[in-house]
1. Have a look at GLU74, GLU85, GLU69, GLU53 and point out the one that is under 19 Å from ILE132 (Cβ atoms) and exposed (fewer than 12 other Cβ atoms within 10 Å of the Cβ).
2. Just checking, does the stretch 99-108 include any residue being more than 19 Å from GLU164 (Cα to Cα) and surrounded by 16 or more Cβ atoms within 10 Å (Cβ to Cβ)?
3. Residues of the stretch 122-155 being of a type outside the set (Asp, Glu) and more than 17 Å from the chain's Cα centre (by Cα), which ones?
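The values are calculated or read from the model by the stated rules, or taken from the named source; none is laboratory data. Here the structure is a predicted model, which is why all the values come from computation and not from measurement. Note: ideal-geometry Cβ built from the backbone for every residue, glycine included; neighbour counts use all protein chains shown.
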Amino acid sequence: MELKDIPHKVFYRNIKYPRLEFGSGKLHFILPLGKKPEAIYRKHKKWIIKKIEFIEECLNEASNVNTAERTYKEFKELIYYLVAEAARELDSEINKVSFRTMKTKWASSSSKRNLTINKLMKYLPEHLIKYIIYHEITHFKQKKHNDEFWKIISKKFHDYKKLERDLFIYWFKLAGEGLFPGMLLS
């Protein structure tokens, strides 16, 4: 597979090191000014192809999953319950929980101990919502996704790698249904 065969975009920025991202399932090269994507592609070809295969698998599986049906009120009640439960388990204090539609993530946590919840999580099964909440509150203990972070996660969620994969599948499911603003997969 050659670079010309892969849908991609190149973004040039005033940065020192290049990076690769898969935004909405498409390959993005974020490059220092003057750097060519071909050299980066050759260096990371195996990783890129593996990621493309993973995305294709998730897209195929997305048609086989069902979204949850709950009201926004039921969703908020579930979130507040799961936040309290995870905060108690992880001995963490939460300052504030807010809700908004997010284009690139299910949820986020801030250094001020705030949680932002993607409103589209309402379509996820409860076990995935529980995992996301626990994951975000774990960031109050361990900011980065390092070995210590995954050690904390794996104590409660032994199958966290499968859960992470399932989240990708649901992401593509909701994107395919046009629920993410400005993002529709073709």
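1. Working: GLU74 fails: exposed (fewer than 12 other Cβ atoms within 10 Å of the Cβ); GLU85 fails: exposed (fewer than 12 other Cβ atoms within 10 Å of the Cβ); GLU53 fails: under 19 Å from ILE132 (Cβ atoms).
Unique residue meeting the criteria: GLU69.
2. Here is the first cut: in the stretch 99-108, the residues more than 19 Å from GLU164 (Cα to Cα) are 99-101.
Next, from what is left, pick out any that are surrounded by 16 or more Cβ atoms within 10 Å (Cβ to Cβ): 99.
Taking every residue of the stretch 99-108 in turn, at least one turns out to be more than 19 Å from GLU164 (Cα to Cα) and surrounded by 16 or more Cβ atoms within 10 Å (Cβ to Cβ).
3. So in the stretch 122-155, the residues of a type outside the set (Asp, Glu) come out as 122-125, 127-135, 137-146, 149-155.
Selection gives PHE140, LYS141, GLN142, LYS151, ILE152, SER154, LYS155.
Yes/no per residue for (1) over 25 Å from GLN142 (Cα atoms); (2) touching a residue at least 12 places away in the same chain (Cβ under 8 Å); (3) in the same structural domain as GLU126 (by TED's automatic domain parsing):
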{"position": "PHE11", "(1), (2), (3)": "yes, yes, no"}
{"position": "ILE15", "(1), (2), (3)": "yes, yes, no"}
{"position": "ILE48", "(1), (2), (3)": "yes, yes, no"}
{"position": "GLU57", "(1), (2), (3)": "yes, no, no"}
{"position": "GLU77", "(1), (2), (3)": "yes, no, yes"}
{"position": "ALA84", "(1), (2), (3)": "no, no, yes"}
{"position": "VAL97", "(1), (2), (3)": "no, yes, yes"}
{"position": "MET102", "(1), (2), (3)": "no, yes, yes"}
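Residues checked against (1) modelled with pLDDT of 90 or more; (2) not in a loop (DSSP other than H, G, I, E, B):
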| position | (1), (2) |
| --- | --- |
| VAL10 | yes, yes |
| PHE22 | no, yes |
| HIS44 | yes, yes |
| CYS58 | no, yes |
| ASN66 | yes, no |
| GLU69 | yes, no |
| GLU77 | yes, yes |
